[in-house]
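Working notes, structure below.
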Amino acid sequence: MKTCLIALDWGTSSLRAYRLGASGQVLDQREAARGIMQLENLGDAAFERALEEACGDWLDDAPAVPLIACGMIGSAQGWREAAYITCPLGIEQLSAALLRIPTRRGRDLWVVPGVIQRGDLPNLMRGEETQVFGLLAEQLAGPADAPLLIGLPGSHSKWVVVEAGQVVGFHTFMTGEVYGALLGHTILGRTAVPGGTFDAASFDRGLDVAGSSLGGGGVLSTIFSSRSLVLTGELAGQEQADYLSGLLIGHELLAMTRLCQATTAQRVVLIGSAALCERYLRGLERRGHASVRLAPEATAMGLWQVARQAALVELRHTEEI
């Protein structure tokens, strides 16, 4: 199969590498725990080694094929900092601002910049923008002219508003990271008992509390209930984690609906881990959002589209592996 692009999703904890064919299809992929948190402060040599470990053989076999990356590799803690591009923006602006990093092989690594939403409270993202444009390119989002809200649940959940193929705004919720911190580093974790399967009833109970008058005081006024309900015998220790998950996601969805009201009346697409997206889908449907779809992870296609727009992918770069 012909290789036309080697694409990297280089994040905080992991590095995923893709070997892409003539239409952007994934021919091969790999993942390693070589994210920037394992490499920062170790200098260029550490990033070079991680690159070699991830796809050195691909680079040997296809010495003229372009190399592109997105994610935290372009952050201030990454290999080189790729300046943020201000939204609203389309894929044209993103592709025109790629950062070139020369490597010791004598070939360039092109890094996709992050996106900034300026204002009194600036907002930032790196990597999610590439998934968004990958989703749009695969036409999984429906009519291009209709407003769209794309949710990317995770440690730092993003809600991206797209209009006419452009990212016009976005919001960040640190729901996943806060969930982990609360269970791992506060008193709430002392009563939680690790469970096996997802407890839908407890999760739904958390969602309902967040969306009712009981949650009117906000997330800080309700999270302690995940402990108090256990201590009073109204919630089992095995149910606490899913209750807390529902509570936090419920507050996130409540705020998101308020912030993105005009768009959420149209269409919502979720991208990310299947298990986590199912929780968000459950929460959205419980809040009355009828037009919600799940889409597969789209980073590889996004990197392909950026590379094409930047004229990195050309026929003369295609080689046989």
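Which residues' amide hydrogens lie under 5 Å from the amide hydrogen of Gly127, considering only partners 5 or more residues apart or on another chain, with H built in the peptide plane?
Here the answer is Gly71, since their amide H atoms fall under 5 Å of that of Gly127.
Charges at C-beta only: +1 for Lys and Arg, -1 for Asp and Glu. How large is the resulting dipole of the chain about its Cα centre, in Debye rounded to 20? Walk me through the intermediate numbers first.
Numbers: 26 positive and 34 negative charges, 82 e Å.
With only Lys, Arg, Asp and Glu charged at Cβ, the dipole is about 400 debye.
Put +1 on the Cβ of each Lys and Arg and -1 on the Cβ of each Asp and Glu in the stretch 173-295; which of Phe203, Leu248, Leu284 then has its Cα farthest toward the positive end of the dipole?
Leu284
What shape does the stretch 35-94 have by the C-alpha gyration tensor, where a ≥ b ≥ c are the square roots of the eigenvalues, rounded means a/c under 1.5, and otherwise prolate means a/b greater than b/c and oblate the rest?
In terms of gyration-tensor shape, oblate.
Give me the net charge for the shell around Gly250: Cβ to Cβ below 11 angstrom, other residues only, Lys and Arg +1, Asp and Glu -1.
Numbers: positive: Arg205, Arg279, Arg282, Arg286, Arg287; negative: Asp204, Asp208, Glu252.
Net charge in that neighbourhood comes out at +2.
Across 5 Å bins from the origin, how do the percents of Cα pairs in the stretch 173-295 run, short distances first?
Per 5 Å bin, starting at 0, the Cα pair percentages come out as 2, 11, 22, 25, 20, 12, 6, 3, 0.
Enumerate the amide H contacts of Leu27 below 5 Å, restricted to partners 5 or more residues apart or on another chain; note that Pro and chain-start residues carry no placed amide H.
Residues meeting the amide H criterion: Arg19, Leu20, Gly21.
So for the chain, considering every pair of alpha-carbon atoms, how many percent are separated by more than 35 Å? Can you show the working numbers first?
On the way: 13873 of 51360 pairs.
Here the long-distance tail beyond 35 Å is 27 percent of all Cα pairs in the chain.
What are the residues whose amide H is under 5 Å from the amide H of Leu235, where those residues sit 5 or more places off or on another chain and H is modelled from the backbone?
Under 5 Å from the amide H of Leu235: Val230.
How big is the stretch 5-146 on each of its three principal axes, counting only the C-alpha atoms and giving the largest first in Å?
44, 37, 25
Set the Förster radius R0 to 22 Å, insert the Cβ-Cβ distance between Glu278 and His185 as r into 1/(1 + (r/R0)^6), and round the FRET efficiency to 0.05.
Working: r = 26 Å, r/R0 = 1.20.
Result of the calculation: an efficiency of 0.25.
Bear in mind these aren't lab numbers, they're just calculated from the coordinates by the rules spelled out. Predicted model, so just to flag it, every value in this text is computed and none were measured. We place every Cβ from the backbone using ideal geometry, glycine too, and count neighbours over all the protein chains shown.
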